[in-house]
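Read through the structure below, which is laid out as structure tokens, and then see the notes.
The values are calculated or read from the model by the stated rules, or taken from the named source; none is laboratory data. Here the structure is a predicted model, which means the values were calculated and not measured. Quick reminder, even Gly has a Cβ in these numbers, built from the backbone with ideal geometry, and neighbours come from all protein chains shown.
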Ligand SMILES: [Zn+2]
């Protein structure tokens, strides 16, 4: 996509290839949406949740921000676009799953680890600081790990920080406790084209098995 005109041509392609060929499907979406899953993903242009998870319009309620972060209830400042979207998804759409999707080579997490790289970018500094507990934890646990390992672990840890932060909102915590809402942590490796899912039992991100029917959200 080299220029804006290509984007407009892209819409015509969408209309011819999808909209006009699947009128019933798109008519069903006109009046309402009923997604079961909310995905919080990074703004990164390489990490498109609908593409990666093979979802059609109407299936995912998507929030994208730098590094796929959710602020703790004590950090959130009004107005908050992130929390307004989560509140709408949880309270209004009654979504059943929240997925936080992190990824490798994340510029936001790079900024957290290398603050000099975002020294003049104050909004980004403030935002990625949400994930600082992940970095602090690593500094305490693994002071001598390589930069590559530190980055990967921080990217994964940031996803878990966001999951923890989701639980700081009573209306999310209550639904999780009741079993009507489930939280999931995913991590996409750009180099390998692999998706990893956090296993609370193993306390690690494990690659998805390639077995049909497995790894669907429970
Ligand atoms: Zn990112």
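Computed values, structure above
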quantity: Yes/no for residue 76 being within 22 Å of residue 168 (Cα to Cα), in a loop (DSSP other than H, G, I, E, B) and more than 16 Å from the ligand (Cβ to nearest atom); calculated: yes
quantity: Residue selected from region 158-170 under the condition more than 16 Å from the ligand (Cβ to nearest atom) and in a helix (DSSP H, G or I), by the criterion farthest from residue 118 (Cα to Cα); calculated: 170
quantity: Which numbered condition residue 105 fails, given (1) assigned to a loop (DSSP other than H, G, I, E, B); (2) under 22 Å from residue 47 (Cα atoms); (3) without any contact (Cβ under 8 Å) to a residue 40 or more places away in the chain; calculated: (3)
quantity: Some residue of region 131-138 being under 16 Å from the mean Cα position of the chain (by Cα) and not in a helix (DSSP H, G or I); calculated: no
quantity: Any hit, region 25-38, residues being within 16 Å of the ligand (Cβ to nearest atom) and crowded, with 16+ Cβ neighbours inside 10 Å; calculated: no
quantity: All positions within region 1-22 that are assigned to a helix (DSSP H, G or I) and under 17 Å from residue 59 (Cα atoms); calculated: 18, 19
quantity: Filter pass, residue 112 being closer than 26 Å to residue 52 by Cβ and out of contact with any strand residue (DSSP E or B) (no Cβ under 7 Å at 6 or more places or on another chain); calculated: yes
quantity: Sole residue being away from the ligand (no atom under 15 Å from the Cβ) and either in a helix (DSSP H, G or I) or crowded, with 16+ Cβ neighbours inside 10 Å (or both), chosen from 145, 87, 155; calculated: 87
quantity: Breaking point among (1) in a helix (DSSP H, G or I); (2) over 18 Å from residue 152 (Cβ atoms), for residue 110; calculated: (2)
quantity: Only listed residue being part of a strand (DSSP E or B) and either surrounded by 16 or more Cβ atoms within 10 Å (Cβ to Cβ) or within 16 Å of the ligand (Cβ to nearest atom) (or both), chosen from 46, 64; calculated: 64
quantity: Yes/no for residue 179 being at pLDDT 95 or above and exposed (fewer than 14 other Cβ atoms within 10 Å of the Cβ); calculated: yes
